Amino acid sequence: MPPPRTREGRDHRDYRRAPTGEEAWEKWDWNCPETRRLLEDSFFRDEDYIRQGSEDCQKFWAFFERLQRFQSAKTSRKEEKDAGCPKHGTSALADLPHTYDPRYRINLSIIGPDARGSRGPGRRLPPERVSEFRQALLHYLDFGQKQAFGRLAKLQRERAALPIAQYGNRILQTLKEHQVVVVAGDTGCGKSTQVPQYLLAAGFSHVACTQPRRIACISLAKRVGFESLSQYGSQVGYQIRFESTRSAATKIVFLTVGLLLRQIQREPSLPQYQVLIVDEVHERHLHNDFLLGILRRLLPRRPDLKVILMSATINISLFSSYFGSAPVVQVPGRLFPITVVYQPQEAEPTTSKSEKLDPRPFLRVLESIDAKYPPEERGDLLVFLSGMAEISAVLEAAQTYASHTQRWVVLPLHSALSVADQDKVFDVAPPGVRKCILSTNIAETSVTIDGIRFVVDSGKVKEMSYDPQAKLQRLQEFWISQASAEQRKGRAGRTGPGVCFRLYAESDYDAFAPYPVPEIRRVALDALVLQMKSMSVGDPRTFPFIEPPPPASLETAILYLRDQGALDSSEALTPIGSLLAQLPVDVVIGKMLILGSMFRLAEPVLTIAAALSVQSPFTRSAQSSPDCATARRPLESDQGDPFTLFNVFNAWVQVKSERSRDSRKWCRRRGIEEHRLYEMANLRRQFKELLEDHGLLAEARAAGPGDSHSRLQQRRERRALYQLKRQHEQGGGRGRKVLRLREEQDGCSSDEDRAGALRAGDSVDIQDVKFKLRHNLEQLQAAASAAQDLSREQMALLKLVLGRGLYPQLAIPDAFNSGRKDSDQIFHTRAKQGAVLHPTCVFAGSPEVLHAREQEVEGCDGNRGDKDRMSSRHQLLAFVSLLETNKPYLVNCVRVPALQAQRPEEEEDEEAAPVSPREVAALSRELLQLMASKVPYSLRRLTGLEAQNLYVGPQTVTAAPSLPGLFGSATLTPHPTKGGYAVTDFLTYNCLTSDADLYSDCLRTFWTCPRCGLHAPLTPVERISHENTCAPDPQDAPPGAEEATPEPLQKASALQRPYHCEACQKDFLFTPTEVLRHRKLHV
Amino acid sequence: MASEAECHPLGMFACELCALTAPYSYVGQKPPNTQSVVLLEESYVMKDPFTSDKDRFLILGSRCSICSRLVCMGPECSLFYSKRFCLPCVQKNISAFPQEIQQDVEKRKVPSKKPSSQLGSRT
């Protein structure tokens, strides 16, 4: 390389030409806008480094003003100094300028307007001023370089200071020698951000890093992009359900586990990746466990694929041994020392009467912190509680304490909060005040808050558990595991030494389970089994899970999928099943989508399915606000919650298309979390695309506006939106704010308004921008307005589709509900008695719509409540899920006509063959007739004993009905378990035992007839009926008399059953006694 | 966005005095994508990673005009006084520099320890 040349010569000349003759320009004013404009016109043109009007331009003038002040302060002192430096031998030093000037320290130069010819506006300016300006500009550019370089250096210093930095080479070396490496390190060691970069630096270019949470994908991609200096490049990207920044140039992609599984589904050998990092394996999420199983099978087939498992230092040997004792690189965490204080709660008898959590132990911690630590010593408090009810109990008490002491800001944190409220925990408390964050276990792993010095650990967690028998999700409180306790404790030592108060005894801690229960043991496995089937990984029962799920859960899931028609009798995937496996939703919602698109109700069903697949958009705080309730009322549908959600979404889309800026306010007024509606819109679009991909939905033609003018207009609008999005992304989003003391006193609604006003301050609603970029608002709006014009028939069909999709998730109202209070309405599902409506359910406020209203009483006395009441309008509730907290709750209910909901109506959907439109129309018509049919019937819940004795089978085989033509050409075969004859798979004829005497079996005793001498075990009723038939004819019947016996009378006895005698090949209607007597004849 | 097409890294710049490394995409005195700025020394340059603006560059470092060592721009490693000098060379020839530079180098000795002390407080 040639020695660098310098250009100081030219620079000197520039300067010499500029005498500092102040007197000639006494009226010179740097602040004059005209002057500035002239300078800008010549120096900040479009092709220049700084452009006129840019942010940089403003920064420059601010810098310029500071520089002027600085220089005028300095010149006075500087005059005297003019010491030359001694001559020097070294050639490089020989030509150093003799007189010091700061400009010699700047290694760049600007080609100004005069160097490019003296045309242009700069001509009119005095050359010495231009020169002065040029010097300032040089200083500015130099300053910018130093600043950016400083950031770069700082970044590298910080990376080098991370605990994992010393292990980078070891990880790479181990990975060279082994296919799988386990990297174990605690929070803060830097593994998630650094390991991908080490791989990148080592030359790997197809790296995938999975994360359990979508948020983590985005934030890690951002951070790693920044650290690897490609923040504005595309080396580092992320891919989550609705968003992707991935391109051909992407070398590292952060993606969710679920998405990677879908990629494996498409390409089982994962050819697109060289290295796979599976992060947070210790969290033991369902999908993660499954992925590990898949990988273990894949690795022998892909010897070139490298896998890095990253884990906290929890149960590392489990992962290592699962992959044939893979090497472990263990990295120490970066935690400050944490003092643990055990404060077990002494049994306080006063609290026994209520289930509410006693907040006093928590207040005592607040008090002791106030007493022990001066307020100048900063450090916030994080309290781990089991659930929302516990949070509100402590919140109330802590706020009272806080308003008294003025030293705390108390904030709740749980997943049901609005996004804005969740974000508040990242704000800072004013000086002398601490934050007290009351959180669920969301703050254990998902949310990391800086500045926590104190942790209070209640030792409890509410976790979803799953009852495979009842297909019921249960939210129960448990003791946490030791691993969770350590994780919670660790939150106190991230920024300095901390204290962890454990509200349980050390002996309790020792009794905790070492690790939390993995998700695979806690949840319904329907979706997992379906996915396994569609990935053809073989029998789920023998799949090599890292820890196998409970066999009962697997069996229930398989049985359920068979019931739903997703698996056939050999447990192979049916066409419908493979379709359902493509849809990232519950099986029931998947069914809804498929049925909906068949019956040309795709648009409304898409919306409803999306709405049922996201968290409820209704905020909790609004439940208590009457204003919200009133504003929401017009949107409520007495058909059920799915229809309320449907209305909400449609109304919101209308608001969006009319005046999109107001949509945020519109939502807030109704207590709706707008974020969820955006999610619905995204999900809806995804469903639509999936249905289109599978030919269930005709692809919407990209019908743009006809003329080129409006097309141009549209393109321009989109470009403007992209511009806005880019600007927002560069702005870095929401900054931290300082919390106000006693914020909570404002009451929630005004609080939200204020938050809204603050956010409105940044004039761009980025969610709105993204929404408009992603969706065709016109299409959505068309669908929304079409929804308002749904005919009654369409509505009925829609309900049928919903009910059928949700089948068999049905609940029957209790017979005596009409006599109960609104809040005491109870319902029975197949497996759970006495479920209640969720308080958010629309029927919870108006249960009367569920009662069979009209009194079409026919031959039945009306004093029995709904029980046995004959009506053609009985209703059942179809529900999306059953959730047990303190009671079993039905969540997201829709009412459906009882009889029609019970009839599995279609066979067509079993086959994926295209159905002609005419058939669909005919089927729809018939279904509607069915819906309209008025058959009076009664509805009754079977008690346990009734259910046991429901069928005559399996021992008894009843007579085949001698009613030719009733069932058409269907062949009748005896039903193996129910008795009777199976006509179709949903109709078995003559299998029910008569409902008259259920308890008679218990009363059966041996008895000898005094007249005929019959000795048999008989019930009292049978005895009486025998006596009746035996009395008039005391003599023995003559042989062959039975042949003369007339066909039994229809109404002879409630005990009569069809009986087919093998000996004489005849059908009879006999009571049990008669059967015995008849048999005797053949002996 | 296609901002990357123009800045393929040519190699890794590594300062011979400190551990700083960064990919450079240009060596010379006329950074690409800008006409109005020239560099007074032959520099290793990358696109400024902290801005989306394509034509912003960041000078990483250059060779010491005495010992030809490749050094970064950091104040702990080098200084520019009409030419680039690595700090060891400046110290060896301190008398050749004007007083202002001498004072400045003197001052730098104190904060040069700053990074390590910062590390200490962070861990």
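Taken together, A:Ser569, A:Ser553, A:Ser536 contain a single residue that is closer than 25 Å to A:Gln469 by Cβ and either touching a residue at least 40 places away in the same chain (Cβ under 8 Å) or touching a strand residue (DSSP E or B) at 6+ places or on another chain (Cβ under 9 Å) (or both), which is A:Ser553. Selection of the stretch A:216-240 for residues being hydroxyl-bearing (Ser, Thr, Tyr), touching a helix residue (DSSP H, G or I) at 6+ places or on another chain (Cβ under 9 Å) and within 26 Å of A:Gly258 (Cα to Cα) yields A:Ser234, A:Tyr238.
Looking at the stretch A:640-665 only, could you name the residues that are farther than 20 Å from A:Ala782 by Cβ and surrounded by fewer than 21 Cβ atoms within 10 Å (Cβ to Cβ)?
A:Arg661, A:Asp662, A:Arg664, A:Lys665
Restrict the check to the stretch A:128-149 and report whether at least one residue is over 30 Å from A:Gln58 (Cα atoms) and charged (D, E, K, R). The answer is no; no qualifying residue exists.
Residues considered: A:Leu292, A:Leu298. Of these, the only one that is free of Cβ contacts under 8 Å to residues at least 40 places away in the same chain and out of contact with any Cys (no Cβ under 9 Å at 6 or more places or on another chain) is A:Leu298. Look at the stretch A:468-518 and say how many of its residues are hydrophobic (A, V, I, L, M, F, W, C) and assigned to a strand (DSSP E or B). The number of residues fulfilling the criteria is 7. When A:Arg284, A:Arg266 are screened for being surrounded by fewer than 22 Cβ atoms within 10 Å (Cβ to Cβ), assigned by TED's automatic domain parsing to the domain that holds A:Ile240, of a type in the set (D, E, K, R) and out of contact with any Lys or Arg (no Cβ under 8 Å at 6 or more places or on another chain), only A:Arg266 passes.
Quick one: in the stretch B:8-20, of everything that is more than 7 Å from every other protein chain (Cβ to nearest Cβ) and crowded, with 20+ Cβ neighbours inside 10 Å, which residue is farthest from A:Ile50 (Cα to Cα)?
Checked the stretch B:8-20; the qualifying residue farthest from A:Ile50 (Cα to Cα) is B:Cys15.
Tell me, yes or no, whether the stretch A:610-626 has at least one residue that is of a type in the set (Val, Ile, Thr) and either in contact with a Lys or Arg (Cβ under 7 Å, 6 or more places away or on another chain) or surrounded by fewer than 22 Cβ atoms within 10 Å (Cβ to Cβ) (or both). Yes: one or more hits. When the stretch A:243-289 is filtered for residues that are among the acidic types (Asp, Glu) and in contact with a Cys (Cβ under 7 Å, 6 or more places away or on another chain), only A:Asp279 remains.
Working only within the stretch A:125-165, note down all residues that are of a type in the set (A, V, I, L, M, F, W, C), in contact with a Lys or Arg (Cβ under 8 Å, 6 or more places away or on another chain) and more than 11 Å from chain B (Cβ to nearest Cβ). Passing the criteria: only A:Ile164. When A:Thr542 is tested against (1) farther than 27 Å from A:Leu357 by Cβ; (2) surrounded by 18 or more Cβ atoms within 10 Å (Cβ to Cβ), exactly one condition is not met: (2).
Against the test of being modelled with pLDDT under 90 and over 22 Å from A:Ala786 (Cα atoms), the options A:Ser657, A:Ser663, A:Ser637, A:Ser624 yield a single qualifying residue, A:Ser624. Taken residue by residue, the stretch A:443-454 has at least one member that is more than 21 Å from A:Val836 (Cα to Cα), buried (at least 22 other Cβ atoms within 10 Å of the Cβ), under 17 Å from the mean Cα position of the chain (by Cα) and of a type outside the set (Lys, Arg).
Scanning the stretch A:337-352 for residues that are more than 14 Å from A:Ser507 (Cβ to Cβ), assigned to a loop (DSSP other than H, G, I, E, B) and at pLDDT 90 or above yields a single hit, A:Pro337.
For the stretch A:193-241, residues that are among the β-branched types (Val, Ile, Thr) and at pLDDT 90 or above total 6.
Does A:Phe336 satisfy the condition of being within 32 Å of the chain's Cα centre (by Cα) and either not assigned by TED's automatic domain parsing to the domain that holds A:Arg620 or not aliphatic (A, V, I, L, M) (or both)? No; evaluated as a whole, the condition is false for this residue. When the residues of the stretch B:57-77 are narrowed to those that are free of Cβ contacts under 8 Å to residues at least 40 places away in the same chain and closer than 20 Å to B:Pro9 by Cβ, which ends up surrounded by the fewest Cβ atoms within 10 Å (Cβ to Cβ)? So the residue we want is B:Arg63. Among the residues of the stretch A:410-421, is any of a type outside the set (Val, Ile, Thr), touching a residue at least 12 places away in the same chain (Cβ under 8 Å) and closer than 24 Å to A:Pro497 by Cβ? Taking every residue of the stretch A:410-421 in turn, at least one turns out to be of a type outside the set (Val, Ile, Thr), touching a residue at least 12 places away in the same chain (Cβ under 8 Å) and closer than 24 Å to A:Pro497 by Cβ.
The values are calculated or read from the model by the stated rules, or taken from the named source; none is laboratory data. The structure displayed is predicted, hence computed values, not measured ones. Neighbour counts are summed over all protein chains in view; Cβ atoms, including those assigned to glycine, are modelled from backbone coordinates with ideal geometry.
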